[in-house]
1. Which residue pairs have Cβ atoms closer than 7 Å, lie 6 or more positions apart in sequence or on different chains, and pair a first residue in the range 166-178 that is farther than 10 Å from Arg191 by Cα with a second residue that is among the small types (Gly, Ala, Ser)?
2. How do the helices (runs of 4 or more DSSP H) wholly within the range 1-63 filter down when requiring 2 or more residues that are buried (at least 18 other Cβ atoms within 10 Å of the Cβ) and modelled with pLDDT of 70 or more: which remain?
3. In the set Ala303, Ala311, which member is within 14 Å of Gly384 (Cα to Cα) and either at pLDDT 80 or above or assigned by TED's automatic domain parsing to the domain that holds Ala361 (or both)?
4. Specify the residue that is modelled with the lowest pLDDT; the eligible residues are those in the range 271-287 that are surrounded by 11 or more Cβ atoms within 10 Å (Cβ to Cβ) and in a loop (DSSP other than H, G, I, E, B).
5. For the range 564-574, state whether one or more residues are under 30 Å from Leu526 (Cβ atoms), buried (at least 24 other Cβ atoms within 10 Å of the Cβ), free of Cβ contacts under 8 Å to residues at least 60 places away in the same chain and touching a Gly at 6+ places or on another chain (Cβ under 9 Å).
6. List the pairs whose first member sits in the range 392-406 and is more than 14 Å from Arg270 (Cα to Cα), whose second member is surrounded by 15 or more Cβ atoms within 10 Å (Cβ to Cβ), and whose Cβ atoms are under 7 Å apart, counting only residues at least 6 apart or on separate chains?
7. What residue, of Glu605, Glu643, is surrounded by fewer than 19 Cβ atoms within 10 Å (Cβ to Cβ), at pLDDT 90 or above and among the charged types (D, E, K, R)?
Amino acid sequence: MERQERQSTYTATATIDEQGVLTGWSEGARRLLGYDSPAVVGRPATALLAADGGPARRMLAGRQRWSGIVPLRHRDGRLLELGVLAHRRTSATGVSDWLVVSAVPARARPPRGEPLEEWTFLQSPFPLAIFDAELRLVRANHRMERALALPESTMRGLGLPHIVPGAASEEADRSMRRALDSGEAQETRVRLGPELDRGIVLTPLKDAGGTVRAVCLSTRPPVAPDSPGAPESAGAPEWAGAPGESGARAGTAADQARAAQELGEVTVPRLADVIVVDLLDAPPTEAEDSAPLPGPVVLRRAALRAVPDEARPGPGAGVGETVVCPPDSPPAQCLAAGRPLLYDTVDPIVTEWAALDPGAAWLRASATRSLLAVPLLAEGSLLGVALFGRLRERQAFGPEDLRQAEEFTARAAAGIRQARDRSGARTTTVALQRSLLPHTLPDQAALEVASRYLPTATRAGVGGDWFDVIPLSGARVALVVGDVVGHGIRASATMGRLRTAVRTLADVDLPADELLTHLDDLVLRLAADESSADPAGDTAGGIGTTCLYAVYDPVSRRCTLARAGHPPPALVTPDSEVRFLDVPAGPPLGLGGLPFEAVETDLPEGTLLALYTDGLFEAREHDIDEALDKMFAALGRPARSLEAVCDHVLAALVSHRPDDDIALLVARTRALHEDQVATWELADDPATVAHARRLTEEQLSAWGLPDAAFTTELMVSELVTNAIRYGRPPIRLRLIHHDSTLICEVYDASGTTPHMRRARIFDEGGRGLLLVAQLAERWGTRHDRVGKTVWAEQSVPAATG
């Protein structure tokens with residue numbers, strides 16, 4: 001009880017259920033924010049935020065852990081920006097909640113050491129962490145940061161049970177308390193993570209007077225079975241008493257190669273002096289015979305590990321290279337038999353194989369005396385073979401060694417099988433997502449565009465990030481970037497549906513805010529459909545799906561933008577000023593009933609726009625200010641092309657495979673100048689149709705397009721006639737010519753949409769729009785805030801003269 005009270009004095013903790021309601025509130029939380037437990041428990045956690053809670057809920061969606069800076073409101077009204085660490089917990093009954101912790105700043109921090117001591121601590125190859133007398137973390141070296149996947153700045157001030165919640169950390173915490181109280185080092189075999197699985201050593205750190213001031217947590221170094229410090233247990237090495245622990249490590253790798261390599265790390269030199277793991281490129285399916293067909297067996301080397309300075313594998317097949325084993329070689333025999341086989345290297349079958357096969361060069365070079373071949377079997381599927389060798393100085397493999405090798409190999413095979421299954425599912429998801437993303441960006445005159453897409457490196461699979469470039473009428477272009485919450489095939493499929501919807505809505509020239517409103521309704525319907533089909537599954541989009549939609553007009557050089565919970569775009573002006581565009585945030589898609597607001601801004605020619613998804617910053621989520629500075633510096637850096645700008649941004653912000661998908665879209669504005677655009681105000685009089693035809697003919701002659709005059713005059717005549725007959729003044733005719741495209745536009749103040757109909761034989765009218773549709777490559781109607789524009793687009797030959 002004393003320990004709990006002391007910890008709560010320095011750590012603020014809270015628990016939040018899946019509905020976002022506070023269910024627990026510690027004394028440390030009361031001291032930090034000023035609220036008593038009865039005042040907050042039972043209320044939405046977002047009530048404590050000093051900003052909109054939507055982004056916070058999005059940050060937690062689909063995650064098991066999150067850390068970052070959160071703006072909170074103290075009871076007295078003060079704004080506190082606190083670093084928090086949130087863990088998702090699931091009970092044995094399947095109920096999930098969130099444990100949220102924040103360290104109250106300590107009064108003093110232990111001084112740093114001399115430079116040499118500091119370098120030793122930071123660059124140690126072993127994970128090291130120092131906890132003070134209250135068992136709060138004060139230092140962690142780079143290896144410990146990597147082992148726990150958290151930076152020191154996030155862990156500082158927190159106890160181990162709050163950094164890595166679970167029974168293992170609580171046991172380690174008790175051992176640290178014993179080290180503090182007794183002044184003696186403590187050891188425990190608890191497993192805190194993949195790189196902290198050999199057990200940990202807790203060393204009390206004493207000052208010059210002998211008083212214990214802190215505890216250092218480090219891992220137990222690996223001990224060879226024949227070393228002087230190796231423990232004894234009935235004549236067997238320590239590792240042999242717990243094969244399950246080490247074997248589990250061999251089966252938990254994220255990919256096949258790593259699983260094979262970890263098998264070598266676990267068994268060399270404990271079980272063997274050298275190990276080779278060769279995998280089948282295409283393992284037989286359950287419907288096929290698990291034994292390979294007669295003839296040479298083609299394998300790929302996944303791991304090769306030997307005891308240093310004792311067994312040096314010579315030249316031959318290396319890791320990643322193909323190995324062809326003759327039918328009578330030990331690997332081929334082992335695979336055919338489907339069981340372990342034991343050989344002496346003086347056996348003729350082994351000596352002939354070692355002498356002729358380049359894949360057995362390691363056997364000749366290592367002077368191996370005893371060879372053990374074990375098949376890699378998982379769920380009845382034959383994946384490959386593991387070859388264990390012992391040098392002449394050690395005893396040959398015996399029955400106990402065979403049992404240990406089978407157990408280790410079986411666990412490694414399970415890990416390789418899981419990695420292959422994940423790889424297959426990920427490949428399918430990535431292929432689906434890439435098929436839904438634009439393969440090439442369209443040619444258009446308004447923007448120069450470049451893009452990048454980086455899929456996540458996590459096991460959850462690729463997410464639902466997407467981008468698009470959509471040519472619109474009047475030479476305008478729409479840029480869109482979106483992010484569907486979640487990962488996997490469902491997120492990718494939902495992304496594809498939303499991208500298709502955006503293209504459809506953009507094709508009818510909806511304003512940006514109206515487009516997001518329609519998209520919001522679609523996400524709601526998708527979520528409802530998913531919930532009815534799978535009540536226990538994730539919704540199709542759910543809260544957290546975001547989108548940014550921008551439309552740029554190269555004639556007016558104005559850009560209209562609206563966003564739904566998405567990060568704002570960055571802008572670089574022609575004079576190199578870098579800033580964010582002030583676009584109203586809007587709620588994420590899927591909330592329903594909330595409005596979106598569009599903003600319009602002038603963009604000079606040569607302005608750079610950068611649209612992105614939040615995965616770009618999550619690689620540096622613990623220091624968002626630093627990330628913003630780096631992005632601004634990368635965008636403002638001189639570059640020969642937009643492709644180089646994309647490379648600069650990713651190089652500055654992404655140092656490893658991202659934990660979330662990243663979509664980046666960079667565009668530089670162009671402009672259509674007066675010599676490419678002609679506009680006339682027309683009188684509301686049928687006689688003005690002939691005048692419009694004459695103006696069109698003169699302008700096309702000036703542009704060097706006489707061959708396009710007849711077709712264009714027909715379209716102008718029909719569009720102007722419709723505007724006069726069915727519309728309202730003012731009436732405006734505009735011609736736009738860029739590259740090989742000619743656009744005719746007729747505006748009038750009526751909001752009535754024209755419809756094409758098929759005239760009967762004796763009808764005098766009804767053929768105007770049908771004629772326009774036949775002559776133009778594309779045509780349509782664009783509604784403005786007041787009035788409409790009917791447009792027709794055609795391709796024209798190169799200008800003459």
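1. Asp173/Gly159
2. 27-33
3. Values: Ala311 fails: within 14 Å of Gly384 (Cα to Cα).
Answer to the selection: Ala303.
4. It comes out as Pro284.
5. yes
6. Arg392/Ala367; Arg392/Arg369; Glu406/Pro340; Glu406/Val374
7. Glu605
Rundown of residues vs (1) in a strand (DSSP E or B); (2) under 22 Å from Val555 (Cβ atoms); (3) modelled with pLDDT of 85 or more, yes/no style:
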{"position": "His656", "(1), (2), (3)": "no, no, no"}
{"position": "Ala678", "(1), (2), (3)": "yes, yes, yes"}
{"position": "His691", "(1), (2), (3)": "no, no, yes"}
{"position": "Gly704", "(1), (2), (3)": "no, yes, yes"}
{"position": "Phe710", "(1), (2), (3)": "no, no, yes"}
{"position": "Arg734", "(1), (2), (3)": "yes, yes, yes"}
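The values are calculated or read from the model by the stated rules, or taken from the named source; none is laboratory data. From a predicted model like this one, the values you see are computed outputs, not experimental measurements. Backbone-built Cβ (ideal geometry, glycine too); neighbour counts: all protein chains shown.
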